[in-house]
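The structure appears below as structure tokens.
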Amino acid sequence: MDPIAERIAGEAKFILDTGATVRACAGRFGVGKTTVHKDMRERLPRLDAALARRVGQVLDRNRRERHLRGGEATRRRFAALGTAEE
């Protein structure tokens, strides 16, 4: 199998198994976020359309929830500094 196709399949499996964000997937595979986006949105549909739809659902959910994760990270940051109002 082509090394790029192997990476794409690995990324897709990782995202489906863990619900990982694009950033987490990029870090795990040692590639950039742009590469993961291109792999999942352009290359994967050409390899396996059904798998691409399932991965797309996870990516869409992560995108809808990202503002919540950002807010939580900010809350934890300021709580650690001792300046958070509970």
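The table below lists the values:
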quantity	calculated
Prolate/oblate/rounded call for the stretch 3-81, Cα gyration tensor, a/c under 1.5 rounded	prolate
Extension gain from Thr18 to Lys38, taking 0.36 nm per residue of separation minus the Cα-Cα distance	5.3 nm
Whole-number percent relative contact order across the stretch 3-81, with pairs defined as alpha carbons under 8 Å at least 6 apart	28
Positive-end residue, the stretch 3-81 charge dipole about Cα centroid, Cβ charges, pick of Thr34, Phe78, Ala49	Phe78
Total charge dipole magnitude, the chain, about the Cα centre, Cβ charges on Lys, Arg, Asp, Glu only, Debye to nearest 20	180
Neighbour-count order for Thr34, Thr21, fewest beta carbons within 10 angstrom listed first	Thr34, Thr21
Residue exposure sequence - Met40, Met1 - by fewest surrounding Cβ within 10 Å	Met1, Met40
Distance in nm between pseudo-label sites at Ile4 and Arg28 (7 Å out along the Cβ direction from Cα)	2.2
Förster radius 41 Å - calculated FRET efficiency between Thr74 and Ala49, Cβ distance, rounded to 0.05	0.60
Neighbourhood charge, 10 Å Cβ-Cβ cut-off, centred on Val36 and excluding it, Lys, Arg +1 and Asp, Glu -1	+4
222 nm mean residue ellipticity, helices alone, for the chain (DSSP H n ≥ 4; -39,500 (n - 2.57); rounded to 500)	-25000 deg cm²/dmol
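Computed from the coordinates by the stated procedures, all read-outs in this text should not be read as laboratory data. Fair warning: this is a prediction, and the values are worked out from it, not measured in the lab. Virtual Cβ from ideal backbone geometry, glycine too; neighbours counted across all protein chains shown.
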